[in-house]
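*Asks:* Have a look at this one.
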2 protein chains.
Amino acid sequence: MSVAASGGKPVTFGALSGVAASAPDRFDAEVSPEWTIAGKPNGGYLLTMLGRAAASVSAHRHVIAASAHYLQAPEPGPVVIDTELLRGGRSASQVRARMSQDGEACVDALLTTSQLDQAVAPYWERGLPEISQVAYEDCARLVPRTPDGSRVAIMDQIEVRLEPVSSGFTTGDPSGRGELRGWLALPNGEGFDPISLLFAVDAFPPATFDIEFTGWVPTLELTVYVRAVPAPGPVRVLQRAQLIDAQRVDESCYVWDRTGRLVAHGVQLGGIRLG
Amino acid sequence: MSVAASGGKPVTFGALSGVAASAPDRFDAEVSPEWTIAGKPNGGYLLTMLGRAAASVSAHRHVIAASAHYLQAPEPGPVVIDTELLRGGRSASQVRARMSQDGEACVDALLTTSQLDQAVAPYWERGLPEISQVAYEDCARLVPRTPDGSRVAIMDQIEVRLEPVSSGFTTGDPSGRGELRGWLALPNGEGFDPISLLFAVDAFPPATFDIEFTGWVPTLELTVYVRAVPAPGPVRVLQRAQLIDAQRVDESCYVWDRTGRLVAHGVQLGGIRLG
């Protein structure tokens with residue numbers, strides 16, 4: 001649980017991923033040491049910061065598509081985000097956002113912003129993977145250590161709960177399917193907003209843990225589409241590996257809100273010490 | 001078939017998507033009027049040009065990840081590509097590339113370049129969709145008109161051949177599965193190189209035609225991962241829709257070379273007049 005030193009009031013993810021304008025197109029942010037894996041900040045957490053900056057400089061408040069290329073991991077601490085409004089349209093805008101630290105570029109992203117309409121219902125969803133039915137209470141919370149003992153500080157903050165079918169890797173018995181299913185909750189019952197969904201698609205452990213255990217899998221590229229405003233509460237997640245080739249793996253991630261609506265999905269390419 | 005006015009020698013896709021340096025980080029290119037859909041250039045074709053520019057300014061010759069956000073379609077004719085080498089690493093580099101026309105930004109992309117190793121074999125591929133077995137000769141070539149009569153000039157250049165199971169939409173009888181399977185060939189037997197695979201993931205008609213016919217589906221964002229150097233010859237393609245919600249659809253595309261190796265895959269978010 002995140003508790004501010006001053007006064008014991010919990011720090012929200014909204015605040016931890018918040019950005020503060022220091023110029024019309026420049027923002028300051030602070031990468032928390034608690035939202036890290038073996039000391040490295042989570043990639044989706046960084047993209048959420050870029051998303052907040054992008055929404056601030058565009059006339060549209062929701063990010064509907066975000067693509068980030070990771071140059072080098074920043075250390076926990078202050079970072080600077082520079083934005084460029086590429087085009088401000090009527091129904092959508094495009095923004096470039098770059099995170100740097102001590103003058104070194106860390107993450108570069110392109111984002112399309114728009115306005116999600118809560119009144120709309122999905123028109124066709126037959127192409128989506130089947131949604132699980134296992135209840136939140138029937139999933140076990142992941143501990144903040146990998147099987148080889150590395151500390152995954154972020155798991156002390158978020159709740160990643162895995163379905164029994166996906167929990168094999170925690171006891172050295174992965175299923176081989178390359179698929180992790182379960183639930184994700186932010187600390188203190190905080191709900192997801194459309195921009196924090198950029199984090200949700202990168203919060204689960206690598207789906208490759210369900211194939212063969214390795215060190216963490218660093219993200220090279222992450223693309224997220226946000227499709228709807230999520231209902232309050234935890235979200236259901238499916239993280240799936242497709243192909244390991246030449247020491248790289250791609251994963252797809254699907255995020256449904258508590259009502260069973262697909263609210264975000266993403267793909268990422270990562271580096272892996274297999275193959 | 002593309003035939004140059006001067007002398008009848010076929011123009012290769014390599015040449016049509018080529019870029020010529022006019023400064024160390026600036027390139028000229030020419031968008032062909034023949035690689036268009038209802039007059040608008042194909043998005044993957046434009047991304048291929050950006051890919052060639054990105055590879056030119058980095059020490060690595062292959063693009064392994066590319067993400068493009070489409071601001072506005074350029075007209076066929078001259079375009080300018082500006083590049084910025086974001087980071088040149090030992091095993092990978094990151095580049096930003098922007099296409100503009102008459103000073104207006106059209107496509108903005110981030111690309112990660114690296115070197116694909118032809119000697120490596122896939123380590124794990126169980127997460128991929130099942131590959132079709134229908135032969136090239138058993139697939140029917142798509143004509144350069146949509147069912148509503150719009151001209152799809154690009155289909156006179158490339159060969160898109162659909163499996164019988166995916167051809168229903170051409171006679172007003174879509175299957176409802178939102179899936180198009182078939183083959184793709186460049187003109188005159190030209191093979192794909194790793195950069196022209198950026199085009200291959202966007203060459204098929206919208207997979208939504210297999211659900212309900214609409215006008216063409218403009219690409220808002222396109223992300224491509226190139227996973228291996230393709231063998232010569234046509235490639236096998238699976239284009240699949242996942243979710244139509246709020247007049248947007250996402251599609252996944254898988255590209256296998258003739259030997260059955262997955263060489264590229266991509267996702268895109270498009271606008272659609274459904275829902």
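*Asks:* Mind listing the label-point distances from A:Glu104 to the same position on all other copies, shortest first, one decimal in nm, points 7 Å along Cα→Cβ?
*Replies:* 4.1
*Asks:* What order do you get for B:Phe169, A:Phe204 when you list them from fewest to most C-beta neighbours inside 10 Å?
*Replies:* Ascending number of Cβ neighbours within 10 Å: B:Phe169, A:Phe204.
*Asks:* Calculate for the protein assembly as shown the 222 nm mean residue ellipticity that helices alone would give, adding -39,500 (n - 2.57) per DSSP H run of length 4 or more and normalising by residue count, nearest 500 deg cm²/dmol. Let's see the in-between values first.
*Replies:* Values: 6 runs with 46 residues, N = 550.
Counting only the DSSP helices, I get -2000 deg cm²/dmol.
*Asks:* So, in Å, what gap is there between the alpha-carbon centers of the range A:220-275 and the range A:144-212?
*Replies:* Measuring centre to centre over Cα atoms gives 11 Å.
*Asks:* Let me ask you something else. What list of ³J(HN,Hα) values in whole Hz, one per residue of the range B:168-184 in order, does the Karplus curve 6.51 cos²θ - 1.76 cosθ + 1.60 (θ = phi - 60°) give from phi, with Gly and Pro shown as x?
*Replies:* x, 4, 5, 10, x, 10, x, 7, x, 7, x, 9, 10, 10, x, 10, 9
*Asks:* Once you put a point 7 Å from the Cα of B:Ser150 and another 7 Å from the Cα of A:Gln118, both along the Cβ direction, what distance in nm separates them?
*Replies:* 3.4 nm
*Asks:* Going by C-beta contacts inside 10 Å, put B:Leu86, B:Leu262 in order with the fewest on the left.
*Replies:* B:Leu86, B:Leu262
*Asks:* Sticking with this structure for a sec: Taking a spot 7 Å from the Cα of A:Ala15 along the direction of its beta carbon, which residues of the range A:183-215 have an amide N less than 16 Å from it?
*Replies:* A:187-191
*Asks:* At B:Arg26, label 7 Å along Cα→Cβ: distances to the other copies, nm, ascending?
*Replies:* Sorted ascending, the copy-to-copy spacings read 2.6 nm.
*Asks:* Here's another thing I want to ask about it. Measuring label to label, 7 Å along Cα→Cβ, what does A:Gly77 give against each other copy in nm, shortest first?
*Replies:* 5.2
*Asks:* Could you list B:Ile244, B:Ile131, B:Ile158 in order of exposure, starting from the residue whose Cβ has the fewest other Cβ atoms within 10 Å?
*Replies:* B:Ile131, B:Ile158, B:Ile244
*Asks:* For A:Ser22 and B:Ala231, what does the FRET efficiency come to when R0 = 60 Å and r is the distance between their Cβ atoms, rounded to the nearest 0.05?
*Replies:* That gives a FRET efficiency of 0.70.
*Asks:* Give the angle, between 0 and 90 degrees and rounded to the nearest 10, that separates the Cα long axis of helix B:43-57 from the longest principal axis of the Cα atoms of chain B.
*Replies:* 20 degrees
Read the figures in this text as sums done on the coordinates, not as results from a lab. Computed from a predicted structure; not experimentally measured. Backbone-built Cβ (ideal geometry, glycine too); neighbour counts: all protein chains shown.
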